[in-house]
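The values are calculated or read from the model by the stated rules, or taken from the named source; none is laboratory data. Predicted, not measured: the structure shown is a model, and the values here were computed from it. With ideal geometry, Cβ positions are generated from the backbone for all residues, glycine too; neighbour counts draw on all protein chains shown. SASA here: full protein model, heavy atoms, side chains in, ligands and nucleic acids out. Shrake-Rupley method; radii C 1.70, N 1.55, O 1.52, S 1.80 Å.
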Amino acid sequence: RELWPAQRLLGEQGIFRGGSAVVQMPTSAGKTRATEILIRSAFLSGRAKVVVIVAPFRALCHEIRASLLMALRGEEIRVDEISDVPQKDFDWEEAAQEPRVLIVTPEKLLYLLRQQPELAQLIGLLVYDEGHQFDAGQRGVTYELLLTSLKKVVPAGCQVVLVSAVISNAAAINDWLNGEGGRIVTGTDLLPTLRSVAFASWVDELGELHFSAQADSGRHRFYVPRVLESLELRRFKGEKKRRFFPERTDGQSIALFLGLKLVAQGSVAIFCGVKLSVRTACDALAEAYRRGLDLPPPREVSDRAEVAKLAALVRRHLGDDGPLPECADLGVFTHHGSTPTGIRLAVEHAMKDSLIKFVICTSTLAQGVNLPLRYLLVTGVYQGRERIKVRDFQNLIGRTGRSGMHTEGSVIFADPATYDQRRFDSGEWRWNQVCELLDPLNSEECASHLLTLFNPISNGDKSDSEEFSVTRFLRRYLREDGGLPAVLAWWERKLRGRDFEPVVVAAQIQARAKVVDALQSFMMAASSDELVSLDAPAAAELARGTLAYHLAKPAHQAELEVLFQTIAADVVAKIPSATVRRAYARNLFGIRDSIAIHVWVTEQTEVLEAVETDRGLLLALWPILVRGITNSTFLKCNRPDLLPEFGCRWLEEHTPAALLQFLKDENVRIGLGQQPFKPSFDHVVDICENALGYEGVLILAAVIESLRMNGRGEHPLTDRLLHLQKRLKYGLATPTAITLHELGFADRVLASDLARILIAETSSKSRVRKLLRFRRDEVEALLNAFPSYFSFVWNVVLHGRRAL
C-alpha cells in the first residue's frame, strides 16, 4: 500500500529480486523512486557492492546524484558522480570496499573501461537511464557501443535495467540487451496526476482557451473565455506606431502573456524550439516591461531573495546589459544547452523547491530533468528545420503535473493558428501535427544511429535525395590519400547542378565519418589483446552483437557484417601491433586522427617540454586542437586567428560577458555566408563548453596517451597536460578551483571565489574538504550571496551521506 502502481509493477515482475529488464513508463509515473528501491534491494540482498548508473547528459547526472543523496541520506551508501574528464581519476578498487553508487556519462564509462576493462567485473547492478538515446547522433553511437562492450564483460549475475519513458519497441531492446531472461515492464497508463491540453483561440476581441479531452477529436470539453487581451504599451520618444502586448498572431508573445497570468497558480515553463527563440522571448518580455507592461512580474510570487541571488549570478556571468539579466530581475530565467552550467543547476534546484516560478526553455527540459511544472506553454513544435520527435515531446509534457509535486498540470498551445485554422486547408496540417505529437502511441521506436549510415543523402527540405553506398564511402574514406576531404569533393561533383546546399551535404557526410571513426576505436579496443583475432568471422560476430544488427532488416544485417569486416581489416592493416591498438583505443578517436596526433606529439614533445606556462602550452597545442575540433560555431568563426587568445582567456576565468566583449571588440562574426551573425552568449558558451571543454579535452586525452606510448607516462609534461585538460574543461585557473568544481560547486564564478578564500593550492578533495571546514564561517558568508543550490552542495560536502 505504500508503493505507487509503477513500483508495485516492478516488484511483481521480480525486478527488486534481481531480474534484468527494460522498463518503459511515462514521465511522472514514479521511475525515480523505483530506482531507489532497486538500489536498496541490490545492496541489502548482497547482490551488489557497486551500482553504476549511466546517464547520457551531465545535467542528468547532477540531477540523479542530488535525488539519491536526499533519498539515501543517513544510510551507509556512498553516492559519487564521476567527472566526465577523460582521465583515470577514480579508484574502482576502492569503490568496491563499501556500498557505492557511481553516476557516470557513457563517454566517461567507456573511457574508464578502455583503460581497465577488468573493472566491469565489480559491477553488481547496471542502470541505463534515458535509454532511448541510442539514436541521438554521435553520442548515441558511443552509448550503443558502450552497451555492446559491457554485455561481454559484466559478471554473469549482474542485473541490467534500462529505463525510459518513451521506448515503443521495448521488447526488441530487451531481447538485444538481456536475452530471454530479461523482463519487459511497461506501464503506459500509470499516470498518477491529471494532465489537460488547451489551445489558444483568438477570433474575437478577447481570446479564449479551449481545453480538449482528445486533441484529435476536435471537440472541446470546456473553454475559458476572455483570457487573452492586447494591452497597449508606452511608446518611446519619437515613436508613432502603437505597441501592444501580446500581439494576436504571435504565439510567443501570447505564451508570455499567459505565463504571466498563470504563474500565480503554479510554476510555468515556456517551450521554444531553438536557443535563438529563447533569446527573442526574453527580448520581447524585457521590452514589454520597459514599455510599462501592467502585469505583476513572476518575482512577486517567487522567493524574492532567491530571485535576487540568481539574478546576481546571471549578471556575474553575462554582464549587466541585455535581456537575460533584465528578465532575471523580473524572476524569469532561461534553461537551454548554452546556459552556463552553474546557472542551469541553480535554476533547476530553485524550480524544484518552488523558489522561482518561471522558466523559458528548449528541449533540454525533456532530457530527464525533473522540474515540477504546473503549466507548460508551447510556442512551436519545430527545432530548426525538424519537427520535434513524438517521444521527445511526450517526455517534455511529462514535466507537467509532476507526481509528488502537483496533482494536475496543463499543456497549452499558444499559437492561435493551431486551433483557429484547423478546419481550413491552409492550417489543417498544423493541427494534425499537434494531434500526432499528443498521442504517445505515435512515439518513434528506439533506433540505432549506426543504421543512419545507410540513409540517403538529402537536401535541406527533403525534396531531393541521393542513394548512399556505404561500400563506396568506405573505399574513399579509408584509403591513405582519402579521408573526409576526398569524400566531400566526390559528393560535390556528383551533386553539382542540383538543389543541394554544400553545408547540408557536408554535415551528413561528416556524421557518417564520425560513426566510422567510433567503429574503428571500438575495433581497436576489441582486438587490443594479442590472443584476440580480428579476422572476418570475428568482425562479423562483433557486428551481430550491436543493437543496429538486432534492429536491421536482413539486407542491412549483411551490409553491417561487411562494414565491420572492412573496418576490421583496415585496422589490422594499418596498426598490426595489438599494443598500439590498445593505446589508440583509449583515445576514443579513429585511426587517422589517432595516428596524426601520435605523430604530431612525437615531433613536438621537445617544444612542449620547453614551454613554461599553461597559456604557452595551450598555444603550442593549438594546431593539434584545431585539427580535431568539429564544433560548427568554432569552425564558422571568421577570425580563427583570434581563437587561441579566446581559449587562453577561458583558461584565465574570463566570464562569458568578457569573452563576448573580446569578440565584439575584434569585430568577429559567426558564419561563412554573406550575412554572418554577430556573436552572442550562446556562441561563446558553445565554443567554451563544447568545442574546447568537450572536443578539446578529448584531444588532450589523446595527446597524453601518446606521451605514455612514448615512455613519458610519469613525466612532468604529462602531469602538466592533465592539469591543463581540467582547466580547459572547466575554464578555471587553479587546482583548488577545479577540485571545488568537481566537489559539486559547479559554477566557475563560485569555484573561483571559494578558491580565493581557501588560499592553498591543492587538487586533493580530502584536503579541500578540510580547508572548507576550517574556514567555515567565511565559506558560509560567501554562499549566502549565491543561489540556494550551492548551500545544498555545501551541506552535502560538510555532512556527507548524513546530509539533509
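Odds and ends about this structure:
- Inter-part distance where the stretch 400-472 and the stretch 658-700 are each reduced to a Cα centre, Å: 30
- Here the stretch 705-756 has an Rg and Dmax of 13.1, 39 Å, counting Cα atoms alone.
- Within the stretch 639-734, GluC sites (Glu not before Pro) in DSSP loop having at most 16 other beta-carbon neighbours inside 10 Å: 652, 666, 714
- Reported value for the stretch 308-452: 159 Å³ per residue, from the convex hull of its C-alpha atoms.
- Cleavage-rule hits (GluC sites (Glu not before Pro)) in the stretch 230-295: DSSP loop, at most 13 neighbouring Cβ within 10 angstrom: 239
- Solvent-accessible area per residue in the stretch 660-786 equals 42 Å², computed with a 1.4 angstrom probe and all protein chains kept.
- Evaluating kT/(6 pi eta Rh) at 20 °C and 1.002 mPa s, with the Kirkwood radius of the stretch 205-326 over Cα pairs in the Stokes-Einstein relation, gives 130 µm² s⁻¹.
- 19 Å Cα-Cα reach of residue 275 towards lysines, excluding residues that sit fewer than 8 places from it in its own chain: 389, 636, 678
- Accessible surface ranking that places the most exposed of 521, 67 first, with a 1.4 angstrom probe: 67, 521
- With the whole protein complex present, residue 622 retains an accessible surface near 20 Å², based on a 1.4 Å probe.
- Rolled with a 1.4 Å probe across the full set of protein chains, the surface gives residue 424 an accessible area near 120 Å².
- Accessible surface comparison of 88, 241, probe 1.4 Å, protein chains only, largest first: the order is 241, 88.
- Fraction of accessible area attributable to carbon and sulfur, the chain (%, probe 1.4 Å): 50
- For residue 445 and residue 386, the FRET efficiency from 1/(1 + (r/R0)^6), where r spans their Cβ atoms and R0 equals 22 Å, is about 0.80.
- Theoretical ellipticity at 222 nm over the chain - DSSP helices of four or more residues, -39500 (n - 2.57) apiece, nearest 500: -15000 deg cm²/dmol
- Stokes-Einstein diffusion for the stretch 493-627 at 4 °C, viscosity 1.567 mPa s, with a Kirkwood radius from C-alpha pairs, works out to 75 µm²/s.
- Considering the stretch 370-444, its Cα convex hull presents a mean projected area of 5.7 nm².
- Solvent-accessible area of residue 726, all protein chains in place: 30 Å² (probe radius 1.4 Å, heavy atoms, ligands and nucleic acids excluded).
- log10 of Debye I(q)/I(0), alpha-carbon scatterers only, for the stretch 729-803 at 0.25 Å⁻¹: -1.26
- Residue order for 134, 774, 500 - accessible surface, 1.4 angstrom probe, largest first: 774, 500, 134
- With each label modelled as a point 7 angstrom along the Cα→C-beta vector, the residue 791-residue 486 pair spans 6.3 nm.
- In this structure, the pairs whose alpha-carbon distance is over 20 Å, taken from 151/574; 108/514; 494/553; 88/726; 49/729, are 151/574; 494/553; 49/729.
- For q = 0.15, 0.20, 0.21, 0.26 Å⁻¹, Debye-computed log10 I/I(0) when each Cα of the stretch 217-282 counts as one equal scatterer: -0.66, -1.01, -1.07, -1.20
- Separation of alpha-carbon centers, the stretch 726-754 and the stretch 501-570, rounded to whole Å: 38
- The residues of the stretch 1-150 have, on average, 34 Å² of accessible surface per residue, using a 1.4 Å probe with all protein chains present.
- Overall shape: prolate for the stretch 1-129, with the ratio a/c of the largest to smallest alpha carbon gyration tensor axis at 1.5 or above and a/b above b/c.
- Span per principal axis, largest first, for the Cα atoms of the stretch 389-501 (Å): 62, 39, 20
- Distance in nm between pseudo-label sites at residue 695 and residue 249 (7 Å out along the Cβ direction from Cα): 4.0
- Taken along its three principal axes, the alpha carbon spread of the chain comes to 77, 66, 63 Å, from the longest extent down to the shortest.
- Over the stretch 46-204: Rg over Rh, Cα atoms, Kirkwood Rh: 1.04
- Computed from the alpha carbon atoms alone, the convex hull of the stretch 649-711 holds 109 Å³ per residue.
- P(r) tail fraction, the stretch 585-720 - alpha-carbon pairs more than 26 Å apart, %: 27
- Value of D in µm² per second that Stokes-Einstein yields for the stretch 647-804, Kirkwood Rh from Cα pairs, at 4 °C (1.567 mPa s): 74
- Evaluated on the stretch 62-141, the Kirkwood hydrodynamic radius is 13.9 Å, with distances taken between all distinct Cα atoms.
- When you filter the GluC sites (Glu not before Pro) in the stretch 457-517 for DSSP loop state and at most 15 other Cβ atoms inside 10 Å of their Cβ, you are left with 467, 480.
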